[in-house]
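A quick write-up on the structure given underneath.
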Amino acid sequence: QVQLVESGGGLVQPGGSLRLACAASGSITTIYSMRWYRQVPGKQRDLVAAISKIGTKTYGDYVEGRFTISRDNAKNTAYLQMDSLKPEDTAIYYCYILLAGSEYWGQGTQVTVSS
């Protein structure tokens, strides 16, 4: 059994910053990929950022250098630093991890960018 606990969401003004965290626990040996997705009602879930076990990073096109993904392998935790936030970044952000032969999703954390 694997659990993902997300934290760090909330309300922020345009131009502000938030840092999301995703802590994985349970029967974990190796996490091959840790990712953040986001979803707004009525739309598909989109990839925000991904980081591999060795630190290779991938970002969604709309990130435009504003977000940074990182991970602490010793703590099985991924982070998403979000700067210069825009109202269109408002969404539920989900953590995802890929293990050997299985995958898990977090419960989601709401990020709202509004003045």
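Annotations for the structure displayed:
- The dipole here belongs to region 53-115: it is taken about the Cα centre, uses +1 on the Cβ of Lys and Arg and -1 on the Cβ of Asp and Glu, and is about 260 debye.
- Low-density loop cleavage sites - GluC sites (Glu not before Pro) in region 16-115, where at most 10 other Cβ are within 10 Å (DSSP): Glu64
- Contact order relative to length of region 1-53, as percent, for alpha carbon pairs under 8 angstrom and 6 or more apart: 29 percent
- Using R0 = 25 Å, the C-beta based FRET efficiency linking Ser70 and Gln107 works out to 0.75.
- The candidates Leu99, Leu11, arranged from most to least accessible area with a 1.4 Å probe in the full protein assembly, appear as Leu11, Leu99.
- Alpha-carbon centroids, region 32-63 and region 74-90: separation in whole Å: 10 Å
- Computed lengthening from Ala100 to Ser27, 0.36 nm per intervening residue step minus Cα-Cα distance: 25.1 nm
- Take every pair of alpha-carbon atoms less than 8 Å apart whose residues are at least six positions apart; their mean separation over the length of the chain yields a relative contact order of 36 percent.
- Annotation for region 1-96: trypsin sites (Lys or Arg not before Pro) lying in DSSP loop with at most 14 further Cβ atoms inside 10 Å of their Cβ are Lys43, Lys53, Lys75.
- Diffusion of region 21-87 by Stokes-Einstein, at 25 °C in a medium of 0.890 mPa s and with Rh set to the Kirkwood radius over alpha-carbon pairs, works out to 191 µm²/s.
- When the Cα positions of Leu18, Thr29, Tyr94 are compared along the charge dipole of the chain, Thr29 comes out farthest toward the positive end, with charges on each C-beta of Lys, Arg, Asp and Glu.
- For a paramagnetic label modelled on Arg19 (point 7 Å from Cα along Cα→Cβ), amide N atoms under 19 Å away belong, within region 89-103, to 93-95.
- Of the solvent-accessible surface of the chain, computed with a 1.4 Å probe and all protein chains present, 49% belongs to carbon and sulfur.
- Estimated from the Cβ-Cβ distance and a Förster radius of 25 angstrom, the FRET efficiency linking Val2 and Asp61 is about 0.25.
- If R0 is taken as 41 Å, the Cβ-Cβ distance between Leu11 and Ile54 corresponds to a FRET efficiency of 0.70.
The values are calculated or read from the model by the stated rules, or taken from the named source; none is laboratory data. Remember, it's a predicted structure, so these values are computed and weren't measured experimentally. For neighbour counting, all protein chains shown are included, and Cβ atoms are generated from backbone atoms with ideal geometry for every residue, glycine included. Note: accessible area is taken over every heavy atom of the protein model, side chains too, but ligands, DNA and RNA are not part of it. Shrake-Rupley method; radii C 1.70, N 1.55, O 1.52, S 1.80 Å.
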